[in-house]
Each structure stands twice: as structure tokens, then as C-alpha cells.
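Written below as C-alpha cells is the structure these notes are about.
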Amino acid sequence: MKKVSFLRHAKSDWSSPIVSDHERCLADRGRKASLKMKDFLTNKKNQFEIVFSSTATRAVETIEIVRPALKNTDVIFNKDLYTFDDNVLIDFISQISDEYSSVLIVGHNPAIQEAVLRLSSSNSSSDLVYRLETKYPTGAFSSLSSDIASWSHTGDTLFELTDFVCPKDL
């Protein structure tokens, strides 16, 4: 059984036009949303064996705020996750070591939304899929699970969408 969860970085600060996209930090609203997601992850008791995060400042800040909910889980920052392309994201997942059964990926849209929709099976809750199709807001969390034995089968098989939670839901 493999479970992949996604956390989109929280709302970023657009007030400085000279800051590169990669270096944009979180807005106050993003920090507040990240704290809500930290509480959600703490209460949900999600146990991730490893976390992979984009190197973008807003993703790093998001994961650092929610990190206390992740206990002693290692976080690996990977520049390949600074992507807006779902194909890159799905390829990344397919290369995860099979020693891990439950992973969290912190990244960006539209890559996350499109990857989750592409990987979701028809067995997934239609309400969750509809909400996710409509919008995957900043700070939102989703989880997919499958009985596959190897991450290399990602893309060849479909996962069940089991969670989709937005900060405003909390």
C-alpha cells in the first residue's frame, strides 16, 4: 500500500515586484493558513515517513510552520519540485524509493491539482473530486492511496482520493 499526500504552499506575498518567483515568501494570510494546516495535521495524526518539498521560499516556509505536526519526519528539499507541470510531479513520485509507504509532497499549482486529478480513480469520492476540480487553493492538503507495491507504478494505476482539506474549511 502506498499513500501520497500533497500540501500546496500557503498564500505568498506579491507586494515586492522585484523578488523572483522562487524567492517570494509567505504573506500574513499564508502564515495563518499554515498554522491551521499544522493543527489539522496534528489532529489527523498523519504519519509520513518522509517529506519532499520544493525549494521555493514559500514552500520552505509552509513546511517549516507545519513541521511540528510531522514529528521527527525528515524533510528533503528538492529543486525538481519547483514545478508547475504535473508530468514532472508524477515522474518524481514514480522514482520515490519503495522503502517509503507514506509520503508528503509540498509544492505548487497547477502541478499538484492536475496530478491529483490524473491519479484519482473513479472509486474516489465524487464530492472530493468535484471540489478539487473546482479549485486547489493555497495551503490545501490532499491524500491519495493505492494498493500498489512500488512507486514505479504511479501513472500506470489509479489511486483513491481520500482527503481534500482547505485552510478555510478549518
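Quickly run through segment 87-137 and pick out the residues that are hydroxyl-bearing (S, T, Y), within 17 Å of V165 (Cα to Cα) and not in a loop (DSSP other than H, G, I, E, B).
Answer for segment 87-137, where residues must be hydroxyl-bearing (S, T, Y), within 17 Å of V165 (Cα to Cα) and not in a loop (DSSP other than H, G, I, E, B): S120, S126, Y130, T134.
Given (1) over 19 Å from L170 (Cβ atoms); (2) assigned to a helix (DSSP H, G or I), where does S34 come up short, assuming only one miss?
Just one mismatch for S34, condition (1).
Quick check on this structure: which one of G155, G139 is touching a helix residue (DSSP H, G or I) at 6+ places or on another chain (Cβ under 8 Å) and closer than 19 Å to I90 by Cβ?
After ruling out the rest, the residue left standing is G155.
When you look at K38, is it farther than 23 Å from W151 by Cβ and either without any contact (Cβ under 8 Å) to a residue 60 or more places away in the chain or buried (at least 20 other Cβ atoms within 10 Å of the Cβ) (or both), yes or no?
Details: farther than 23 Å from W151 by Cβ: yes; either without any contact (Cβ under 8 Å) to a residue 60 or more places away in the chain or buried (at least 20 other Cβ atoms within 10 Å of the Cβ) (or both): yes.
Yes, satisfied.
Is it true that E160 is in a helix (DSSP H, G or I), acidic (D, E) and in contact (Cβ under 8 Å) with a residue 12 or more places away in the chain?
For E160, the condition - in a helix (DSSP H, G or I), acidic (D, E) and in contact (Cβ under 8 Å) with a residue 12 or more places away in the chain - is not met.
So, in segment 67-114, of the ones that are closer than 17 Å to S146 by Cβ and among the aromatic types (F, W, Y), which residue ends up surrounded by the most Cβ atoms within 10 Å (Cβ to Cβ)?
So, considering only residues that are closer than 17 Å to S146 by Cβ and among the aromatic types (F, W, Y), the one surrounded by the most Cβ atoms within 10 Å (Cβ to Cβ) is F92.
In this structure, is N123 in contact with a strand residue (DSSP E or B) (Cβ under 8 Å, 6 or more places away or on another chain), exposed (fewer than 13 other Cβ atoms within 10 Å of the Cβ), more than 21 Å from T42 (Cβ to Cβ) and of a type in the set (S, T, N, Q)?
yes
Run K2 past the list (1) of a type outside the set (A, V, I, L, M, F, W, C); (2) closer than 13 Å to I65 by Cβ; (3) surrounded by 21 or more Cβ atoms within 10 Å (Cβ to Cβ) and report the number of the one that doesn't hold.
It is condition (2) that K2 fails.
Only the coordinates and a few stated rules stand behind these numbers; no lab work does. These numbers were taken from a predicted model, which means no experiment stands behind them. In this analysis, Cβ positions are derived from the backbone assuming ideal geometry, glycine residues included, and neighbour counts consider all displayed protein chains.
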